[in-house]
Amino acid sequence: MKTLRRQDTRIPRRPLLWLAAALLFTLPPMFGTLPSWVPLLFLIALTAKFWMQPKGYHLRSLFWKVVLVALILSLLFFSYGSLRGIEPGVSLIVMLTSVKILEAHTAREFHIMIMVAWVLCLCGFFLSQNLAIALCLLIAFTLLLVALIQFHRGSSSAFWPPVRTAGKLLAQAAPLIVLLFLFFPRFSTGFRFQIASQRGSSTGFSDHLSPGSVSSLTNSSEVAFRTEFPDGKIPTLGAMYWRGVVMWHCEGLEWNAPKNPAALPKTSQSSLRSEGVRQWITIEAHDARWMFALDWPANWPSGARLAPGDYLWSDQPIHKARRYEVTSYPEIPNNQLHSGEREPLLQLPAAISPAARALVQSWTAGKAEPRAIVEKALEFFRAQGFLYSPSPGEYGKNGLDEFLFHRRLGFCEHYAASFATLMRLAGVPARVVTGYLGGEYNEIGHFFLVRQADAHAWCEVWFPDRGWQRVDPTAVVAPDRVNLGFSSFLERRAAAGQLDNTQGVLARKLARWPIFARARLGWQTLSYAWDTRVLSFDGDEQESFFTAIGIAGRGPIFFIVGSLLVAIALLALYTGWTHLRTRACGDRIKRIYESFCRKAARLGAPRNPSEGPLDFSRRAMRLLPNDSERIRSIAEAYIALRYTPASDPMTLEQFAKAVSAFVRAS
């Protein structure tokens, strides 16, 4: 094939290896955000390059280049339906880089690949900003520096010097990076952004609850949010009900929440009789509007509102991680039920079976009080052999009767939905709440991590004397799930032989081994610090930092000019220090070489003032044939040290020892 024929080895192999290693570290952010074929083809092109390079092959034909580009555009259009947008743009850059890898064979094209690879690093940060991805991209950036240094030093250079030089360059840049990060004015929301959409993301629940909607996430280890308690008031694990969405519309085992809830008026905290629990919550992106807080939030952050049912609702979809503060109270403020609100809270499905009506009538006989009805319902779940299972299977059209009177096997959503329906049938206002229960405490970072597997559903019923009260029927059937957390509950079930699939449980047990547990908690702490201290360092955080160091209230021009002046001063100091160090090193080289010339003159080979080191060494080797090899090595070392921008310390020491040995010789 004429496309891959003539030999050309102008790109040395070692710089190409460094470049390939860097490109491999740009792959992780592509998986999960771009179509799987994009990083796969990129990897194939990289592998093909190392088959082609030793043979001197590269993509030459313009025809085949056009064919490949047309094929790439067709695949992108087929995958996205359009070439407009961030993800199609990043995918196009990746694919064109793949073509460039196959084409490159000259020094100029090698430099182009380095520049394009740096663009890929930036694109990777657009796709994801978590700590693992950031570390991968930092390694890629460093390896690109190493490849560039190795290319200009030549393939004969040793392995470590380019790495050491790249490390020095990054270390020299670090003070400027920290300076600009801390002091350059923030005009936006920091470094936390999400340009790419969350492909296949799941939030743990939605505004629709149905059998299986929560239990489907029992094996998910994805993080929902992290929480700190800055005042040290930490509820017990069984009391950590993280309120998400309140559902009003009842269809038996299926419940729905309002699509766009209204906003409740602000509540005076002086009317609250108990002390609040303050939380700092960092929620992950989920592309919806619900936010989370402990039962029951009384205030809300900016850009959000408190919806009827006392849950937080964001004004805009949460497309990127968000950090906010909220205070919750163990009682609902303004806990009243107006006449117009009672009817929707007693709404029932169109068809209720006679068996369900008979069951409820047995509880309401004798005009029982609402609290007594609740107790009888809970006793029904406790005494009639109901079982709690993460995988209860599917329920049919008459799911309520099938669950209550036949199978009696379900997850939290089955118990919450059926209990609330029965309460409404008994004339007790009820609603379903979905959110999360519990969480994992990180003793290193002092925060709670709530995962998708902690998703939960419970009920709230209305008592005339107390208002809205939480009732969790799951606590009656599976108290360990509520009191110990979902992971501990599964581990106990597995130990008792009550779970068929114990693979996930065994993995959780392994993760709790001391060495793995400490490593896992340490990594979680680093990730949380990265999220809260770096990505969330926005204008408000910067203003707090300025206040802490006593320079708050200055305008942005002050900080822009100040940052630039300090940066210039640092660069001037570094330049001066480098110049002095280089001059001192150069003076030493000159002194050592002059001692060599004096010794050569005493031996009968004086150096002419206009004679260069190479010409002098050749003449001295002819005049002193017995020392010719020693003179040649000294001259080569002197030329290498004298005419390179940065002297190698090891070469300098060898040069000094060689001259010293020559001078001492008789």
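Under the 0.36 nm per residue contour assumption, what length would be gained going from the current alpha-carbon distance of residue 541 and residue 174 to full extension?
Length difference between fully extended and current span is 130.0 nm.
Return the FRET efficiency for the residue pair residue 108, residue 394: r is the Cβ-Cβ distance, R0 is 56 Å, and the value is rounded to the nearest 0.05.
According to the calculation, E is roughly 0.35.
Modelled label-to-label distance, residue 628 and residue 519, 7 Å Cα→beta-carbon offset: nm?
6.1 nm
I'd like to check one number: the per residue accessible area of the chain, probe 1.4 Å, reported in Å² as a whole number.
Here the per-residue accessible area is 50 Å².
Relative to the present Cα-Cα distance, how much length would full extension add between residue 73 and residue 594 at 0.36 nm per residue of separation?
181.0 nm
Say R0 is 22 Å: what FRET efficiency, to the nearest 0.05, do residue 341 and residue 259 get from their beta-carbon distance?
0.75
Heavy atoms of the protein only, probe of 1.4 Å, neighbouring chains included. What is the accessible area of residue 236 in Å², nearest 10?
The accessible area of residue 236 comes to roughly 100 Å².
Treating only the Cβ atoms of Lys and Arg (+1) and Asp and Glu (-1) as charged, compute the dipole magnitude of the chain about its Cα centre; round to the nearest 20 debye.
The dipole of the chain has a size of about 3960 debye.
From the backbone phi of the stretch 379-392, what are the Karplus-calculated ³J(HN,Hα) couplings (6.51 cos²θ - 1.76 cosθ + 1.60, θ = phi - 60°) in whole Hz, Gly and Pro given as x?
My calculation for the stretch 379-392 gives 5, 4, 5, 6, 9, 9, x, 6, 10, 9, 9, x, 9, x Hz in order.
Give the residue from 120, 450, 277 lying farthest towards the positive end of the charge dipole for the chain; charges sit on Cβ (+1 for Lys and Arg, -1 for Asp and Glu) and the dipole is referred to the Cα centre.
120
State the answer as a single residue: which of 314, 64, 409 lies farthest towards the positive end of the charge dipole of the chain, with beta carbon charges of +1 for Lys and Arg and -1 for Asp and Glu, about the Cα centre.
Of the listed residues, the answer is 64.
Starting from the 7 Å offset along Cα-to-Cβ, what nm value, one decimal, do you get for the label separation of residue 139 and residue 651?
My value for the distance between the label points is 3.2 nm.
Kindly state, to the nearest 0.05, the FRET efficiency for residue 379 paired with residue 351, given R0 = 25 Å and r defined as their beta-carbon distance.
0.40
First compute the accessible area of the chain with a 1.4 Å probe, then give the percent of it belonging to carbon and sulfur atoms.
60 percent
Please name whichever of 148, 81, 97 sits farthest to the positive end of the charge dipole of the stretch 13-167, dipole taken about the Cα centre and charges placed at Cβ: Lys and Arg +1, Asp and Glu -1.
Of the options given, the answer is 148.
Given an 8 Å cut-off on Cα distances and at least 6 residues of separation, report the relative contact order of the chain as a percent.
13 percent
Per-residue ellipticity at 222 nm for the chain, helices alone: DSSP H runs ≥ 4 residues times -39500 (n - 2.57), over residue total, nearest 500 deg cm²/dmol?
Helix contribution divided over all residues of the chain: -16000 deg cm²/dmol.
Work out, step by step, the length gained on full extension between residue 465 and residue 362: first 0.36 nm times the residue separation, then minus their alpha carbon distance; give nm to one decimal.
Here the answer is 34.7 nm.
Let me know the volume per residue of the alpha-carbon convex hull for the chain, in Å³.
So the per-residue Cα hull volume is 245 Å³.
Which of the three applies to the stretch 540-582, rounded, prolate or oblate, going by the alpha-carbon gyration tensor with a ≥ b ≥ c and a/c under 1.5 meaning rounded?
prolate
Separation between the residue 640 and residue 529 pseudo-spin-labels, each 7 Å from Cα along Cα→Cβ, expressed in nm?
The modelled label-to-label distance comes out at 4.2 nm.
What are the extents of the Cα atoms of the stretch 314-428 along their three principal axes, in Å, largest first?
Principal-axis extents of the stretch 314-428 (Cα, largest first): 47, 38, 28 Å.
The values are calculated or read from the model by the stated rules, or taken from the named source; none is laboratory data. In this text, all values refer to a predicted model and were calculated from it rather than measured experimentally. Note: ideal-geometry Cβ built from the backbone for every residue, glycine included; neighbour counts use all protein chains shown. Each accessible area value is taken on the protein alone, full model and side chains, heavy atoms only, with ligands, DNA and RNA left out. Shrake-Rupley method; radii C 1.70, N 1.55, O 1.52, S 1.80 Å.
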